[in-house]
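Right, one structure below, let's go through it.
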Amino acid sequence: MTLFAFRGVKSHGWTFYDTINIGGKSVEKYDVIVLGGGTAGMIAATASARSGARTLLVERDGYLGGTATMGIPFLGFFSGNGTKVVGGLPQELVDRMGKLGGCIGHAHGGTWSTGIQKIDYEFVLTPFDPECLKFASQEMALEAGVDLMFQAVLCDVQIDGPKVKAINVITVEGEKTLEAEVFIDCTGDAMLTWMAEFPTEMRGRGNMQNVSHVIRLANVDVDRMVQCLREGAEIEGINDWHIRLVRGKLLDDAEEGYVHVAGKAKLWDDRAPLTFTGVRWRKGEMTFNITRTTNIDPTIAEDITRAEISERKNVASVVKAFKEKIPGFEKIYLVASSVRVGIREGRKIKGLYTLTEQEVVNRSEFEDGIARGAYPIDVHDPKGGNTQFTFIKEGGSYGVPYRCLIPDGSDNLIVAGRCISATGQALGSVRLMACCMAQGQAAGIAAALATQSDISPVGVDITQLKDKLINEGAILTV
């Protein structure tokens with residue numbers, strides 16, 4: 001790592017220059033830089049800019065939304081007892097997509113079932129058109145005053161003791177140096193934190209959740225598929241605890257139909273059925289989360305390459321088998337698959353506090369709780385078996401401590417998303433996208449408050465942060 005020093009002129013805690021030159025090299029200067037524009041990062045940047053900080057969002061792809069643009073729904077806006085636990089900017093994004101004609105809103109009515117009794121646990125999802133998300137999140141950020149830098153990849157971090165002084169990114173112009181007072185790491189695998197040499201941890205290859213591609217199919221006859229599930233024919237599991245049938249409005253002239261179907265598809269005679277979830281927001285089209293590749297470490301380039309190759313092969317195999325085996329799929333065709341493999345678990349930070357499975361299940365509350373989680377602990381078997389769920393007590397929710405967002409030993413770094421400080425099991429809940437967006441809003445506001453007061457994020461007044469979050473519509477208590 002490279003030690004770096006900068007000069008600047010401040011007034012009332014704000015820096016008023018745009019660029020400086022060191023050794024003839026231009027350095028772009030911001031109050032807050034967010035690295036990673038997925039579900040956590042896009043909200044963090046918007047929250048930071050709305051709070052008055054000059055904010056840059058750096059994203060490796062050409063759009064915002066990350067994994068959410070693969071065609072899976074938001075999960076975790078509501079707890080199992082039907083209480084809303086995420087509001088604020090995440091809800092504003094949902095509303096914005098609705099006005100653009102790309103989101104049906106929150107779909108209620110699903111129930112987690114054991115086949116013997118009903119668990120008092122509601123299943124709620126928020127389907128949306130992923131192309132609409134790309135546009136809505138972009139416009140939301142731009143209107144807030146966020147500067148966007150697309151197709152830029154982190155390549156170096158410049159540190160000075162506990163401070164991240166600057167980052168270097170590779171762009172189509174070559175290498176750029178970017179400096180900020182506060183950085184927010186929303187990279188998913190804590191890339192900025194790791195490169196800055198703050199402590200991180202990982203459960204390791206073979207112990208982390210499997211990875212997947214999401215496939216989007218057209219010409220799906222969903223009603224025939226559900227009938228097949230009810231008959232227990234080529235799709236089985238209607239009485240299994242994980243089967244969730246949900247009906248709701250579709251985007252086609254407000255028509256109603258199935259928006260979520262789950263089951264086990266018997267695609268091959270010599271292999272075990274594949275557990276899947278299918279999500280729909282428009283008639284005739286449906287996205288499926290059904291493929292999986294195991295034994296992947298997402299921080300190793302060779303593993304990521306192997307995962308991408310494996311998942312493309314899996315997608316081709318599944319689509320072919322769908323057409324041949326499943327009623328209602330005879331005329332399907334593949335519209336799209338994930339732009340990159342979906343990672344459920346990778347590197348995490350070691351924060352000032354680590355959230356545990358017991359705290360998730362027992363609905364723990366914290367004085368510095370700045371977001372809420374509500375989805376059950378959802379662990380996709382590292383060995384490729386069935387997904388395991390652990391339910392939150394009485395269908396409730398839990399608080400996410402601000403301390404989980406602060407890397408131990410750091411002076412100007414905040415983290416949001418699936419790489420916050422949590423145990424592997426707790427991550428199975430806290431990684432869900434509604435919770436990640438709520439974390440992002442808290443991180444963005446905290447970063448702005450830190451720059452305004454010229455203090456470390458560690459020193460941000462929690463009462464002030466929580467009050468501002470509540471004023472911005474976030475839900476911190478239920």
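The values are calculated or read from the model by the stated rules, or taken from the named source; none is laboratory data. All figures in this text were calculated on a predicted structure; none of them were measured in a lab. With ideal geometry, Cβ positions are generated from the backbone for all residues, glycine too; neighbour counts draw on all protein chains shown. Only protein heavy atoms, including side chains, enter the accessible area calculation; ligands, DNA and RNA are left aside. Shrake-Rupley method; radii C 1.70, N 1.55, O 1.52, S 1.80 Å.
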Report yes if some residue within the range 355-378 is open to solvent by 40 Å² or more (accessible area, probe 1.4 Å), assigned to a loop (DSSP other than H, G, I, E, B), at positive phi and not charged (D, E, K, R); otherwise report no. no
Could you check the range 301-317 and list, in sequence order, the residues that are open to solvent by 60 Å² or more (accessible area, probe 1.4 Å) and closer than 18 Å to Met202 by Cα? Ala301, Glu302
Inspect all residues belonging to the range 98-108 and state whether any of them is under 23 Å from Phe276 (Cα atoms), at pLDDT below 95 and assigned to a loop (DSSP other than H, G, I, E, B). yes
Could you count how many residues in the range 42-88 are within 18 Å of Phe183 (Cβ to Cβ), assigned to a strand (DSSP E or B) and among the hydrophobic types (A, V, I, L, M, F, W, C)? 3
Going through the range 330-352 in order, the residues found to be surrounded by fewer than 18 Cβ atoms within 10 Å (Cβ to Cβ), of a type outside the set (A, V, I, L, M) and part of a loop (DSSP other than H, G, I, E, B) are Glu330, Lys331, Arg340, Lys350
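Suppose we keep only residues that are in contact (Cβ under 8 Å) with a residue 60 or more places away in the chain and of a type in the set (D, E, K, R) within the range 380-395. Which one would you say is least open to solvent (accessible area, probe 1.4 Å)?
From the range 380-395, those in contact (Cβ under 8 Å) with a residue 60 or more places away in the chain are 380-384, 386-387, 389, 391-392, 394-395; that's our starting set.
Still in the running and of a type in the set (D, E, K, R): 381, 383, 394.
Details: Asp381: 43, Lys383: 151, Glu394: 125 Å².
Residue satisfying both the conditions and the ranking: Asp381.
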Looking only at residues in the range 396-418 that are out of contact with any Pro (no Cβ under 9 Å at 6 or more places or on another chain) and more than 17 Å from Ala47 (Cβ to Cβ), which one is most open to solvent (accessible area, probe 1.4 Å)? Arg403
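Every residue, every condition in (1) among the small types (Gly, Ala, Ser); (2) buried (at least 24 other Cβ atoms within 10 Å of the Cβ); (3) over 23 Å from Ala141 (Cα atoms), yes or no:
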site: Ala434; (1), (2), (3): yes, yes, no
site: Ala438; (1), (2), (3): yes, yes, no
site: Ala442; (1), (2), (3): yes, yes, no
site: Ala447; (1), (2), (3): yes, yes, no
site: Gln452; (1), (2), (3): no, no, no
site: Ser456; (1), (2), (3): yes, no, yes
site: Gly459; (1), (2), (3): yes, no, yes
site: Ile462; (1), (2), (3): no, no, yes
site: Lys466; (1), (2), (3): no, no, no
For the range 124-135, does any single residue satisfy the condition of being open to solvent by less than 10 Å² (accessible area, probe 1.4 Å), at pLDDT 95 or above and assigned to a helix (DSSP H, G or I)? yes
Residues of the range 261-276 classified as open to solvent by 20 Å² or more (accessible area, probe 1.4 Å) and either without any contact (Cβ under 8 Å) to a residue 40 or more places away in the chain or in a loop (DSSP other than H, G, I, E, B) (or both), total: 8
Sort out which residues of the range 130-157 are touching a residue at least 40 places away in the same chain (Cβ under 8 Å) and touching a Leu at 6+ places or on another chain (Cβ under 7 Å), and write them in order of number. Lys134, Ala136, Ser137, Gln138, Met140, Ala141, Val146, Asp147, Leu148, Met149, Leu154, Val157
Out of all the residues in the range 51-77, which are out of contact with any Phe, Trp or Tyr (no Cβ under 9 Å at 6 or more places or on another chain) and either among the charged types (D, E, K, R) or more than 28 Å from Leu154 (Cβ to Cβ) (or both)? Phe77
